[in-house]
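Heads up, the thing below is written out as structure tokens.
The values are calculated or read from the model by the stated rules, or taken from the named source; none is laboratory data. It should be emphasised that the depicted structure is a prediction, and the values quoted were computed from it without experimental measurement. Reconstructed Cβ throughout: ideal geometry from the backbone, glycine too, with neighbour counts over all protein chains shown.
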């Protein structure tokens with residue numbers, strides 16, 4: 001597909017893959033040779049076991065490696081632990097594949113670094129100007145306020161296992177919440193991995209073994225699929241919250257039966273997408289993953305050549 | 001404005017009534033005057049200012065946002081105020097202003113009340129630049145008069161009572177004598193000042209309500225202690241005519257005078273009365289459906305006044321002139337009511353007759369005959385009962401006629417809210433019309449918690465399609481549904497609509513093919 005004979009985040013098994021980050025719609029199993037940051041490789045091994053790949057080649061941020069006649073570098077994308085943009089240099093031209101990224105601060109991963117380039121391939125998960133994420137600390141303050149208004153109820157927050165969960169925990173700790181946080185079983189392994197990477201998450205307890213009395217007034221994190229389903233019946237009259245950029249739109253929150261929508265996203269919002277197009281200075285932009293048409297239109301208004309790059313098989317995980 | 005916006009947001013997503021009360025209590029406790037009073041006014045619909053039209057808001061947005069981007073966004077979000085609130089390019093979160101400079105609710109309301117309609121949008125534009133997305137949303141909903149957060153005036157007053165510890169009926173008693181931003185009301189509830197004077201105006205006096213009689217109660221209905229009346233199938237109202245003021249209040253204290261001029265025209269007396277609002281033609285009470293045509297409207301046409309003439313059947317008298325009759329026993333008030341009615345003879349009103357009865361058996365027979373007579377049931381009132389606000393258990397009972405039932409087939413199930421959010425707990429059921437099932441109603445109570453677990457399991461195992469929170473199930477489960485009555489409806493595919501449907505029994509044993517047919521349901525329609 002590209003010079004160098006490798007693919008970035010391929011959807012089907014390939015000979016050589018470069019993986020931007022560990023979410024399952026980007027890091028798929030079964031590639032023969034995988035190159036990614038050490039943290040992304042660790043996440044893939046944790047989630048996929050032997051399926052993580054035949055040979056795993058770690059590449060730290062900023063290190064350059066030649067693959068065929070292409071030079072490859074990985075640069076922080078600010079999305080989740082280990083997430084990277086892929087910088088490709090070939091015949092004097094530079095292309096950057098952003099992967100998923102955000103510009104907002106996040107204590108759990110290295111911040112996005114804009115790289116000046118000729119072609120920029122950007123995600124557009126929140127590629128509509130109604131998606132503008134408020135500061136995350138304000139959303140966490142609303143959660144903590146709700147816990148004072150309903151002190152006897154369990155607050156259960158839906159959060160993806162990789163990235164969102166750990167970010168919400170660090171935001172809570174930064175806001176001074178120092179009680180134990182209870183976790184759905186599916187969230188524990190990656191929290192352990194984040195701790196191994198030196199990120200302090202405070203005291204975490206499994207929600208699965210806690211009894212109903214212990215969960216009165218407690219804070220529980222669980223995968224989004226579990227918060228309003230049978231798993232949640234063990235909780236004490238739960239306040240159902242969900243941490244996601246989609247919560248910006250009321251109807252999306254109502255559809256999911258969410259009582260406390262928290263607009264906390266690991267993706268760039270509209271303003272960050274537009275700022276990034278400006279920052280990387282690329283005369284040509286390819287838009288993928290999301291609502292391409294609006295961002296292509298906006299790029300046109302900024303004098304940038306842009307086109308939509310449709311990809312199959314990408315969902316909303318980690319939004 | 002930020003506190004108000006946070007309240008509006010939280011209320012809109014809060015499914016439970018108690019949860020809403022807690023949010024309101026928190027707001028009243030932690031928001032200073034006059035903002036909390038303006039919030040109370042906005043929620044109870046007592047704020048008056050020049051409202052803005054959605055088209056004006058759309059034009060304003062067009063001056064700031066690319067037309068194509070706006071169109072895509074509006075298409076995605078589906079709500080104009082929300083789209084504009086989210087897309088507005090100003091605001092402190094985009095570096096255009098300082099969060100501390102956000103306008104307070106007091107500033108907004110005061111300016112709107114003093115503004116000419118032509119100047120409203122200019123004010124709004126300035127505020128939009130100073131507010132964040134939540135604040136912008138609350139502002140736009142406020143100025144279009146469309147808060148829609150599921151808070152009735154009654155609920156707001158209940159929250160005031162819960163917060164202050166003052167009884168709800170005491171709050172209701174003074175409600176119509178206080179005005180936004182309710183400084184005197186909050187001063188009283190805070191304990192900083194005395195109770196505001198309820199005044200001699202035509203304010204609402206909280207109603208006395210009956211509790212439902214259970215089987216065990218019936219044996220004690222002795223004519224020596226009790227009076228019986230028919231329970232008419234309309235809506236409970238209070239007529240208050242004092243001086244030049246003439247008001248009709250619903251049971252919860254909402255002022256519905258404006259849409260019943262055919263009643264207020266004849267309120268040329270000085271009294272406060274309790275009665276049932278009905279549609280009556282040629283002395284005959286029309287079905288509830290006819291009255292429905294007159295409810296929930298802001299205006300009324302001459303054609304509607306002719307087609308659905310309103311009438312009040314009187315139950316009780318609370319004030320005659322300035323004299324408060326509420327402490328008197330029921331029989332004494334009844335005598336005063338009869339005497340008053342003979343003297344005044346108001347048109348479009350009559351007395352609800354007392355129903356003579358010899359004893360409990362006699363009464364049970366009367367109740368069983370109520371459906372045949374097109375009446376909802378009986379009211380039992382203790383002869384010695386004073387008129388007290390609220391719903392005390394004991395002095396007044398309502399004894400409804402037996403429910404109707406049909407066997408219907410479960411068609412769709414929807415997830416509940418709050419405690420029931422992990423359960424499919426709202427059930428749409430249908431009956432057979434030829435070979436197809438047509439929905440005839442929706443029920444979300446009548447089953448035990450244990451039965452709900454079973455129903456939820458059944459729904460999950462028999463789902464054929466999903467639509468967001470709704471699952472369509474294969475026709476396989478029969479529910480015996482009880483309901484008070486059924487009416488013709490043009491809004492439902494089946495052409496009928498049930499009142500108070502609930503799940504009476506789950507017929508695990510019955511094959512769906514043996515459920516009832518639409519013709520059976522139609523035969524039960526009130527004539």
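Without any contact (Cβ under 8 Å) to a residue 12 or more places away in the chain and more than 28 Å from residue B:18 (Cβ to Cβ) - does that describe any residue in the range B:126-145?
Taking every residue of the range B:126-145 in turn, at least one turns out to be without any contact (Cβ under 8 Å) to a residue 12 or more places away in the chain and more than 28 Å from residue B:18 (Cβ to Cβ).
Within the range B:1-23, which residues are facing chain A (nearest Cβ under 10 Å) and more than 18 Å from the chain's Cα centre (by Cα)?
Within the range B:1-23, B:6, B:9, B:10, B:13, B:22, B:23 meet the criteria.
If the requirement is being more than 14 Å from chain A (Cβ to nearest Cβ) and within 29 Å of residue B:228 (Cβ to Cβ), which of these qualifies: B:381, B:442? Spell out how you get there, then give the answer.
Details: B:442 fails: within 29 Å of residue B:228 (Cβ to Cβ).
B:381 is the lone residue from the list that is more than 14 Å from chain A (Cβ to nearest Cβ) and within 29 Å of residue B:228 (Cβ to Cβ).
Look at residue A:60 and say whether it is out of contact with any strand residue (DSSP E or B) (no Cβ under 7 Å at 6 or more places or on another chain), under 28 Å from residue A:171 (Cβ atoms) and free of Cβ contacts under 8 Å to residues at least 24 places away in the same chain. It would help to see each step written out before you state the result.
Values: out of contact with any strand residue (DSSP E or B) (no Cβ under 7 Å at 6 or more places or on another chain): yes; under 28 Å from residue A:171 (Cβ atoms): yes; free of Cβ contacts under 8 Å to residues at least 24 places away in the same chain: yes.
Yes.
Considering only residues that are at the interface with another protein chain (Cβ under 10 Å from one of its Cβ atoms) and touching a helix residue (DSSP H, G or I) at 6+ places or on another chain (Cβ under 6 Å), look in the range A:251-271 and name the one that is farthest from residue B:466 (Cα to Cα).
It comes out as A:263.
Kindly indicate whether residue A:104 is in the same structural domain as residue A:304 (by TED's automatic domain parsing) and either within 17 Å of the chain's Cα centre (by Cα) or crowded, with 22+ Cβ neighbours inside 10 Å (or both).
Yes, satisfied.
Taking the range A:118-135 as the region of interest, how many residues are more than 10 Å from chain B (Cβ to nearest Cβ), surrounded by 22 or more Cβ atoms within 10 Å (Cβ to Cβ) and outside any strand (DSSP E or B)?
The qualifying residues number 2.
If we scan the range A:188-197, do we find a residue that is within 14 Å of chain B (Cβ to nearest Cβ), touching a residue at least 12 places away in the same chain (Cβ under 8 Å), assigned to a helix (DSSP H, G or I) and farther than 30 Å from residue B:75 by Cα?
There is no residue in the range A:188-197 that is within 14 Å of chain B (Cβ to nearest Cβ), touching a residue at least 12 places away in the same chain (Cβ under 8 Å), assigned to a helix (DSSP H, G or I) and farther than 30 Å from residue B:75 by Cα.
Being more than 14 Å from chain A (Cβ to nearest Cβ), assigned to a strand (DSSP E or B), buried (at least 21 other Cβ atoms within 10 Å of the Cβ) and more than 28 Å from the chain's Cα centre (by Cα) is the requirement here; does residue B:409 meet it?
yes
Within the range A:165-180, can you find the residues that are within 21 Å of the chain's Cα centre (by Cα) and surrounded by 14 or more Cβ atoms within 10 Å (Cβ to Cβ)?
The answer is A:165, A:166, A:167, A:168, A:169, A:170, A:171, A:172, A:173.
Does residue A:226 fit the bill of being assigned to a loop (DSSP other than H, G, I, E, B), touching a helix residue (DSSP H, G or I) at 6+ places or on another chain (Cβ under 7 Å) and within 14 Å of chain B (Cβ to nearest Cβ)? Before you say what the answer is, go through the steps one by one.
Numbers: assigned to a loop (DSSP other than H, G, I, E, B): yes; touching a helix residue (DSSP H, G or I) at 6+ places or on another chain (Cβ under 7 Å): yes; within 14 Å of chain B (Cβ to nearest Cβ): yes.
Judged against the criteria, residue A:226 is a match.
Here is a yes/no grid of residues against (1) buried (at least 18 other Cβ atoms within 10 Å of the Cβ); (2) part of a helix (DSSP H, G or I); (3) touching a residue at least 40 places away in the same chain (Cβ under 8 Å):
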| site | (1), (2), (3) |
| --- | --- |
| B:455 | yes, yes, yes |
| B:459 | yes, yes, yes |
| B:465 | no, no, no |
| B:472 | no, no, yes |
| B:476 | no, no, yes |
| B:482 | yes, no, yes |
| B:490 | no, no, no |
| B:493 | no, no, yes |
| B:497 | yes, no, yes |
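Starting from residues that are closer than 16 Å to residue A:260 by Cβ and in a loop (DSSP other than H, G, I, E, B), keep the ones in the range A:229-243 and report whichever is nearest to the other protein chains (Cβ to nearest Cβ).
Filtering the range A:229-243 for residues that are closer than 16 Å to residue A:260 by Cβ and in a loop (DSSP other than H, G, I, E, B), the one nearest to the other protein chains (Cβ to nearest Cβ) comes out as A:237.
State which residue is surrounded by the most Cβ atoms within 10 Å (Cβ to Cβ) when the search covers only the range B:24-43 and only residues that are within 14 Å of chain A (Cβ to nearest Cβ) and without any contact (Cβ under 8 Å) to a residue 60 or more places away in the chain.
Here the answer is B:27.
Can you confirm whether the range B:122-138 contains a residue that is away from chain A (no Cβ under 14 Å), assigned to a helix (DSSP H, G or I) and more than 29 Å from residue B:86 (Cβ to Cβ)?
no
Look at the range B:434-451 and say how many of its residues are in a strand (DSSP E or B) and in contact with a strand residue (DSSP E or B) (Cβ under 7 Å, 6 or more places away or on another chain).
To start, the set of residues in the range B:434-451 that are in a strand (DSSP E or B) comprises B:436-443.
In the following step, the residues that additionally are in contact with a strand residue (DSSP E or B) (Cβ under 7 Å, 6 or more places away or on another chain) were identified as B:437-443.
Total satisfying the criteria: 7.
Run down A:268, A:243, A:207, A:213 and say which single residue is at pLDDT below 95 and crowded, with 19+ Cβ neighbours inside 10 Å.
Within the list A:268, A:243, A:207, A:213, the selection yields A:207.
Could we say that residue B:420 is within 14 Å of chain A (Cβ to nearest Cβ) and surrounded by 15 or more Cβ atoms within 10 Å (Cβ to Cβ) here?
Details: within 14 Å of chain A (Cβ to nearest Cβ): yes; surrounded by 15 or more Cβ atoms within 10 Å (Cβ to Cβ): yes.
In short, yes.
Quick check on residue A:275: is it within 26 Å of residue A:101 (Cβ to Cβ) and within 14 Å of another protein chain (Cβ to nearest Cβ)?
So residue A:275 fits the description; yes.
So, of the residues in the range B:67-78 that are more than 7 Å from every other protein chain (Cβ to nearest Cβ) and surrounded by fewer than 18 Cβ atoms within 10 Å (Cβ to Cβ), which turns out to be farthest from residue A:296 (Cα to Cα)?
Among residues in the range B:67-78 that are more than 7 Å from every other protein chain (Cβ to nearest Cβ) and surrounded by fewer than 18 Cβ atoms within 10 Å (Cβ to Cβ), the one farthest from residue A:296 (Cα to Cα) is B:75.
Report, by residue number, each residue of the range B:186-227 that is in the same structural domain as residue B:381 (by TED's automatic domain parsing), in contact with a helix residue (DSSP H, G or I) (Cβ under 8 Å, 6 or more places away or on another chain) and exposed (fewer than 14 other Cβ atoms within 10 Å of the Cβ).
Across the range B:186-227, the qualifying residues are B:219, B:220, B:222.
Whether any residue in the range A:78-93 is assigned to a strand (DSSP E or B), in contact (Cβ under 8 Å) with a residue 40 or more places away in the chain and either out of contact with any strand residue (DSSP E or B) (no Cβ under 8 Å at 6 or more places or on another chain) or not assigned by TED's automatic domain parsing to the domain that holds residue A:33 (or both) is what I want to check.
no
Select, from B:276, B:323, B:338, the only residue that is surrounded by fewer than 15 Cβ atoms within 10 Å (Cβ to Cβ) and closer than 15 Å to residue B:351 by Cβ.
B:338
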